[in-house]
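One structure below.
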Amino acid sequence: MPELVKKCPECGGINLNWNKERGEIICRDCGLVIEEKMVDFTQEWREFDGDQSEGRRRAGAPMTYTQFDHGLGTEVGQKADLFKLGGKERNKFFRLRKWQYRISTAIERNLKLALAELKRVSSYLKLPKSVEEESARIYTLAVQRGLVRGRSMESVVAGALYAACRRHDVPRTLDELSDVSGIEKKEIGRTYRFVTRELGITILPSNPADYIARFASSLKLSAETQSNAIEILEQAQKAELTSGRGPTGIAAAALYVSALLHNEKRTQREVADVAGVTEVTIRNRYKELLDELKLDKEIKKRKKGKKRK
């Protein structure tokens, strides 16, 4: 029964009957017809296998920004089908396909190439569909506002992907996007800031805790070490050690400290390679955590306890 109708407006009774065949809701206490001529949105046919479901369905795929025409466009014949035709018919349809491409707008041609590049980068970085859809929407808006003019298509695609990752809390660094797209890190950051500013997209600062799971998995650290690293980050945030510092560097340093506390030693070089930062950054953040959070005493206690054993 529809959730909007909860009780009878006449007598206030809740003993209602929903007659699906007649499309009516009737109060059993006073007989008032509360709703009539209701639309039944359920399917009126049955299916017994996948082929019947595909054949009887009257709706297509949902709209998506990952295609230049939102998935609603049509194409004049597929190349595999055209070769089945005779010579004259085949040439006619090839001409139609050529003119269909020619009459497309500049925005559509740009989106065809850009969205293919976006899917390639998204697949390489193993991004979820929600991030891919959001990045395609951001790029489409950027093209419609004329923000791509004067900039390379690849840099705007990388900037849109980075913005979508930040909005969906999917940790990906500028270095990773730079390696995949072939665009310099500074150029991606510059384009990302320009696009978000012009489109009015508000993005919160990255949370260092989002990177802990990825780094811990790459370093093959235990779940206990990972949990302790998150606790160290929470203490660092309360002590205001994370403000003004790169999230990847502070996350890597917290993981490095936690690994030392749990006797899962990893070198600063190993942690720096996984996080995409320098050893100097790890060393500086590590010293700050030890000094401000008083963790050096705990590390010494763990070492002494291990020697006694």
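The values are calculated or read from the model by the stated rules, or taken from the named source; none is laboratory data. Keep in mind that what you see is a predicted model, and the values were worked out from it rather than measured. Here the Cβ positions follow ideal geometry from the backbone for every residue, glycine too, while neighbour counts run over all protein chains shown.
Do the conditions hold for ILE188, that is, is it in the same structural domain as GLU270 (by TED's automatic domain parsing) and surrounded by 16 or more Cβ atoms within 10 Å (Cβ to Cβ)? Spelling it out, it is not the case that ILE188 is in the same structural domain as GLU270 (by TED's automatic domain parsing) and surrounded by 16 or more Cβ atoms within 10 Å (Cβ to Cβ). With respect to being modelled with pLDDT under 85 and in a helix (DSSP H, G or I), LYS301 fits the description.
The C-beta contact set for the range 90-118 (first residue at positive phi, second residue surrounded by 16 or more Cβ atoms within 10 Å (Cβ to Cβ) and part of a helix (DSSP H, G or I), distance under 6 angstrom, 6+ apart or interchain) is empty.
It is to be established whether one or more residues within the range 103-120 are within 14 Å of the chain's Cα centre (by Cα) and part of a helix (DSSP H, G or I). Yes, the conditions are met somewhere in the range 103-120.
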